[in-house]
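To keep things clear, I will list the structure first and then write my remarks on it.
Throughout, read-outs are computed from the coordinates displayed, never taken from laboratory work. Keep in mind it's a predicted model, so treat the numbers as computed, not measured. In this analysis, Cβ positions are derived from the backbone assuming ideal geometry, glycine residues included, and neighbour counts consider all displayed protein chains.
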């Protein structure tokens, strides 16, 4: 299931007028701020309604439950993450990969609570949030494959190599966010170089998947 299909499963159907769509988006924005500061279990629907300055029934109207509200917030964050990471498709392959990694790190840095929720799988073992996380991984793999190879339908070996890199990036990014000893530029270059190693390993095992080479400079 790709990320657009996953979003369709998680996102409740928009209701009614443009005003109601805007109201729903406003509630999601409020929720992102609330859950950034307070754990899921510590917030009741009464707390959410009070802090959002709305009637509790309005939240139920749009999201059916606290869990539905929480999943909608995560899905909204996922859409932002994938959009950030997939930008810059007009660039040459090597630059596209660098842009993708930089956008990914910028999102993690600027939306730390949402990023932690996405990559950690939500509250405890939450199968639906894990499915969203898996959708994000597949979307990032597709974005990197598009940047590196010019297509998303790659072989199982190439996909597994890219997926292993994405999973390692998640752990490294979580650690980087909790520290203050590496700049984003340095972190980006480190991840670019480790991705280069993965792409070269894929090429060695399957020469049909040639790792991108930097453009030659005229002397």
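Any chance you could run the full-extension gain for residue 194 through residue 160? It's 0.36 nm times the residue separation minus the Cα-Cα distance, nm to one decimal.
Details: separation 34, 0.36 × 34 = 12.24 nm, distance 1.50 nm.
Extra length from residue 194 to residue 160 when fully extended: 10.7 nm.
Grab the Cα-Cα distance for residue 131 and residue 39, subtract it from 0.36 nm times how many residues apart they are, and report the gain in nm with one decimal. Please report the intermediate quantities before stating the final value.
Details: separation 92, 0.36 × 92 = 33.12 nm, distance 2.04 nm.
Net length gain for the segment: 31.1 nm.
Quick check: residue separation of residue 205 and residue 17 times 0.36 nm, minus the Cα distance between them. What number comes out in nm? Walk me through the numbers before you get to the answer.
Numbers: separation 188, 0.36 × 188 = 67.68 nm, distance 5.39 nm.
Full extension from residue 205 to residue 17 adds 62.3 nm.
Can you compute log10 of I(q)/I(0) for segment 45-111 with the Debye formula, treating each Cα as one identical point scatterer, at q = 0.18, 0.23, 0.28 Å⁻¹?
-0.71, -0.89, -1.09
So how do 156-168, 17-29, 66-78 stack up, highest first, on mean other-Cβ count within 10 Å?
For the peptides 156-168, 17-29, 66-78, the packing ranking is 66-78, 156-168, 17-29.
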